[in-house]
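I have placed the structure first, in the form of structure tokens, so that the comments after it can refer back to it.
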Amino acid sequence: MAEQHSSKSIMWAVIIAAAVLIAIIFPFTVKHTGSAADSANSSDESDVRIQPVAKFELAKVEAPAVSSGPKDGLTVFNSVCAACHATGAAGSPKAGDKAAWAPRIAQGKDVLYKSALGGKNAMPARGGAANLSDDEIKGAVDHLLGLVK
Ligand code: HEC
């Protein structure tokens, strides 16, 4: 009886040890050989699962307002307009530079909105972010004007 019992325990110990070994080794063999059709499928699948995330991140950098709700002026400014207006690049009036903005402000807010929406000289329409709504662009203009009040 005792003998039978212990041989049963050994059998289970061996089965469990084998299962553990397989569980540990199997992923490595799959990765190294790439032979199992399943592993090819699953790596294809993981590529597919990774890609949309990567694409989304890229899209987010280029066009911040694609996927979520309306952006506020500060967000639009930081992600789009700051490329030029933070430094005054391309001859743009620098954010916060009262002297640069005074003659612009004198034109009236509607002219500024129109320039930001439709572009002006070196500034592309909507700062190049064609996907942004009118309100988002106007919010960014308001943010710029708020900096030089
Ligand atoms: C590619 C660079 C660039 C980007 C990006 C850019 N601007 Fe400009 N912006 C300019 C330049 C250059 C001017 C000056 C245009 C001129 O008067 O010749 C300007 C002028 C302006 C003016 C004054 C327009 C006027 O009629 O005097 C406003 C307002 C303005 N930008 C808002 C924005 C907003 C809001 C954004 C973001 C949505 C933005 N800009 C993004 C380059 C840029």
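Just one of (1) open to solvent by 60 Å² or more (accessible area, probe 1.4 Å); (2) touching a residue at least 60 places away in the same chain (Cβ under 8 Å); (3) not in a loop (DSSP other than H, G, I, E, B) trips up F77, so point out which.
Exception for F77: condition (1).
Is the range 110-128 home to any residue that is open to solvent by less than 30 Å² (accessible area, probe 1.4 Å) and more than 9 Å from the ligand (Cβ to nearest atom)? If you could, list the steps in order and put the result at the bottom.
Taking the range 110-128 first, the residues open to solvent by less than 30 Å² (accessible area, probe 1.4 Å) are 112, 115-116, 119.
Keeping just the survivors that are more than 9 Å from the ligand (Cβ to nearest atom) gives none.
Looking for residues that are open to solvent by less than 30 Å² (accessible area, probe 1.4 Å) and more than 9 Å from the ligand (Cβ to nearest atom), one finds none in the range 110-128, hence no.
Name every residue in the range 117-144 that is in contact with a Lys or Arg (Cβ under 7 Å, 6 or more places away or on another chain) and part of a helix (DSSP H, G or I), in order of residue number. Working first, answer last.
Our first condition is that a residue be in contact with a Lys or Arg (Cβ under 7 Å, 6 or more places away or on another chain); within the range 117-144, this holds for 117, 132, 136-137.
Listed by number, the residues that qualify are L117, E136, I137.
Write out, first by first residue and then by second, each pair whose Cβ atoms fall under 8 Å of each other, whose residues are 6+ apart or on separate chains, and whose first residue, in the range 81-105, is under 16 Å from S115 (Cα atoms) while the second is polar (S, T, N, Q) and not in a helix (DSSP H, G or I).
Every condition considered, the pairs that remain are C84/S92; H85/S92; G91/N121; K94/T87.
Please verify whether G91 is at positive phi, open to solvent by 60 Å² or more (accessible area, probe 1.4 Å) and at pLDDT 65 or above, treating the condition exactly as stated.
Values: at positive phi: yes; open to solvent by 60 Å² or more (accessible area, probe 1.4 Å): yes; at pLDDT 65 or above: yes.
For G91, the condition - at positive phi, open to solvent by 60 Å² or more (accessible area, probe 1.4 Å) and at pLDDT 65 or above - is met.
Can you report the number of residues in the range 80-101 which are assigned to a loop (DSSP other than H, G, I, E, B) and either of a type outside the set (V, I, T) or closer than 15 Å to A129 by Cβ (or both)? Spell out the reasoning first.
Keep residues of the range 80-101 that are assigned to a loop (DSSP other than H, G, I, E, B), which gives 86-88, 92-97.
From what's left, either of a type outside the set (V, I, T) or closer than 15 Å to A129 by Cβ (or both): 86, 88, 92-97.
Residues flagged as assigned to a loop (DSSP other than H, G, I, E, B) and either of a type outside the set (V, I, T) or closer than 15 Å to A129 by Cβ (or both) within the range 80-101 amount to 8.
Against the condition over 16 Å from G73 (Cα atoms) and part of a helix (DSSP H, G or I), how does R104 come out, does it pass? Before the answer, list the steps.
Details: over 16 Å from G73 (Cα atoms): yes; part of a helix (DSSP H, G or I): yes.
For R104, the condition - over 16 Å from G73 (Cα atoms) and part of a helix (DSSP H, G or I) - is met.
The values are calculated or read from the model by the stated rules, or taken from the named source; none is laboratory data. Just so it is clear, the model here is predicted, and its values are computed rather than measured. Because the Cβ atoms are built from the backbone with ideal geometry, glycine has one as well, and the counts that use them run over all protein chains shown. Each accessible area value is taken on the protein alone, full model and side chains, heavy atoms only, with ligands, DNA and RNA left out. Shrake-Rupley method; radii C 1.70, N 1.55, O 1.52, S 1.80 Å.
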